[in-house]
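The values are calculated or read from the model by the stated rules, or taken from the named source; none is laboratory data. Remember, predicted model here, so these are calculated numbers, not experimental data. Please note: Cβ atoms are built from the backbone with ideal geometry, for glycine as well, and neighbour counts cover all protein chains shown. Heavy atoms of the whole protein, side chains included, go into the accessibility calculation; ligands, DNA and RNA do not. Shrake-Rupley method; radii C 1.70, N 1.55, O 1.52, S 1.80 Å.
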Amino acid sequence: MTMKVIESLSQMRSWSRMMHHEGHTIGLVPTMGYLHEGHLSLIQTARKHSDRTVVSIFVNPTQFAPGEDLEAYPRDFQRDRRICEEQGADVVFYPSNEIMYPEDHKTYVVTEDLAGRLCGASRPIHFKGVTTIVTKLFNIVEPDVAVFGQKDAQQALIIKRMVRDLNFDVEILISPTVREEDGLAMSSRNKYMTHGQRRQAPVLYQSLQMAKDEFVKGDLSPELIKNNIIDNIKTASEAKIDYVQIVNTEDFTETDLEKGDILIALAVFFGKARLIDNVIIKR
Ligand code: AMP
């Protein structure tokens, strides 16, 4: 089957309905394009868990606040399309802003409390945009499975909660973070960095790994571990910390760290690039 590029809602819906009618399952990989190996591993996960794969490419304006990098966000549709084809995707869903958000669009989906913590503290509208666009994609594509990356841990957990709370009939899979050789998490935003900033950026993952080891050993309090991460990141002259947090994975607060899974998450600016990364400690 040759890969299709679908831009219209009605065509996307009829393709999905036809696939379901023929007894196929559909896996969806939502992306903002400018694909890298992190996205490719999500496509492969989707292919493993469903027999038809849709990759959506849409730089979602509602998850960017005024003054953020919406206009500067890197785009290269022809390259993305070629990559999706090589990866064995069946459809690239590539809608326009006008189709996704007509002028009188007024409805949003919000996951209360969770959307205001961690990244939500400095990007207050971000997760409202994410949950809204993912809801729209789920309604249009009607996937059986949708794959998200561990790199955006808060996003993945919020989407899981939204699916549970709103009774969506879709299975959410979380795929591990794909990293450069030096440990830096792959991101479309890494290209904003200068060479000097790029050279310093692996300090983030180094600090997280150090923290994970300290946490597992159990000698230090979460507060001390957090301070060690901050001190370590500050050795990189170009780093400007947005936040470092050690929280539970249920509600992203610092309570109940003795039981359940722990998320150590951070956001740090290197020049224009706001980089996020995290590790999870499973209990
Ligand atoms: P984006 O295009 O940045 O919105 O990301 C689309 C999807 O790819 C999201 O589910 C991300 O969590 C995931 N993703 C981005 N970078 C990585 C990475 N380095 N490893 C694994 N998944 C990733």
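Being more than 9 Å from the ligand (Cβ to nearest atom), in a strand (DSSP E or B) and touching an Asp or Glu at 6+ places or on another chain (Cβ under 9 Å) is the filter here; which residues of segment 30-61 pass it? Across segment 30-61, the qualifying residues are ARG52, THR53, VAL54, VAL55.
Quick check on segment 164-175: of everything there that is within 13 Å of the ligand (Cβ to nearest atom) and among the β-branched types (Val, Ile, Thr), which residue is farthest from the chain's Cα centre (by Cα)?
In the first step, residues of segment 164-175 are kept if they are within 13 Å of the ligand (Cβ to nearest atom); the result is 172-175.
If we keep only those that are among the β-branched types (Val, Ile, Thr) too, we end up with 172, 174.
On the way: ILE172: 13, ILE174: 10 Å.
Going through the qualifying residues, I end up with ILE172.
Can we say ARG179 is open to solvent by 20 Å² or more (accessible area, probe 1.4 Å) and more than 15 Å from the ligand (Cβ to nearest atom)? Against the criterion (open to solvent by 20 Å² or more (accessible area, probe 1.4 Å) and more than 15 Å from the ligand (Cβ to nearest atom)), ARG179 does not qualify.
Take the conditions (1) over 21 Å from ILE99 (Cβ atoms); (2) among the charged types (D, E, K, R); (3) touching a residue at least 60 places away in the same chain (Cβ under 8 Å); GLU7 misses just one of them, which is (1).
Considering segment 217-240 alone, what residues qualify as being under 19 Å from ARG199 (Cα atoms), open to solvent by 30 Å² or more (accessible area, probe 1.4 Å) and either of a type in the set (Val, Ile, Thr) or modelled with pLDDT under 95 (or both)? Please lay out each step first, then the result.
So the first thing to find is which residues in segment 217-240 are under 19 Å from ARG199 (Cα atoms), and the list is 229-240.
Subset that is open to solvent by 30 Å² or more (accessible area, probe 1.4 Å): 230-232, 234-235, 237-238, 240.
Within segment 217-240, ILE230, THR235 meet the criteria.
Scan segment 242-249 and give yes if some residue there is of a type in the set (S, T, N, Q), within 16 Å of the ligand (Cβ to nearest atom) and out of contact with any Pro (no Cβ under 9 Å at 6 or more places or on another chain), otherwise no. Within segment 242-249 (the criterion being of a type in the set (S, T, N, Q), within 16 Å of the ligand (Cβ to nearest atom) and out of contact with any Pro (no Cβ under 9 Å at 6 or more places or on another chain)), the answer is yes, since at least one residue qualifies.
The number of residues in segment 246-258 that are farther than 23 Å from ASP165 by Cβ and open to solvent by less than 50 Å² (accessible area, probe 1.4 Å) comes to 2.
Each row is one residue, and each column tells you yes or no for (1) among the hydroxyl-bearing types (Ser, Thr, Tyr); (2) in contact with a His (Cβ under 8 Å, 6 or more places away or on another chain); (3) surrounded by fewer than 20 Cβ atoms within 10 Å (Cβ to Cβ).
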position: THR194; (1), (2), (3): yes, no, yes
position: ARG198; (1), (2), (3): no, no, yes
position: MET210; (1), (2), (3): no, no, yes
position: ASP242; (1), (2), (3): no, no, yes
position: GLY260; (1), (2), (3): no, no, yes
position: LYS272; (1), (2), (3): no, no, yes
position: LEU275; (1), (2), (3): no, no, no
position: ILE280; (1), (2), (3): no, no, yes
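The set of residues in segment 216-251 being over 18 Å from ARG274 (Cβ atoms) and among the hydrophobic types (A, V, I, L, M, F, W, C) consists of VAL216, LEU220, LEU224, ILE225, ILE246, VAL247. Among the residues examined, GLY183 qualifies as on the phi > 0 side of the Ramachandran plot and either in contact (Cβ under 8 Å) with a residue 12 or more places away in the chain or not charged (D, E, K, R) (or both).
Outside any loop (DSSP other than H, G, I, E, B), away from the ligand (no atom under 14 Å from the Cβ), under 19 Å from the mean Cα position of the chain (by Cα) and of a type outside the set (A, V, I, L, M) - does that describe any residue in segment 66-87? Don't jump to the end; show me each part of the working.
Initially, segment 66-87 is screened for residues outside any loop (DSSP other than H, G, I, E, B), giving 77-86.
After this cut, where a residue has to be away from the ligand (no atom under 14 Å from the Cβ) as well, the list is 78, 81-82, 85-86.
Those left that are additionally under 19 Å from the mean Cα position of the chain (by Cα): none.
No.
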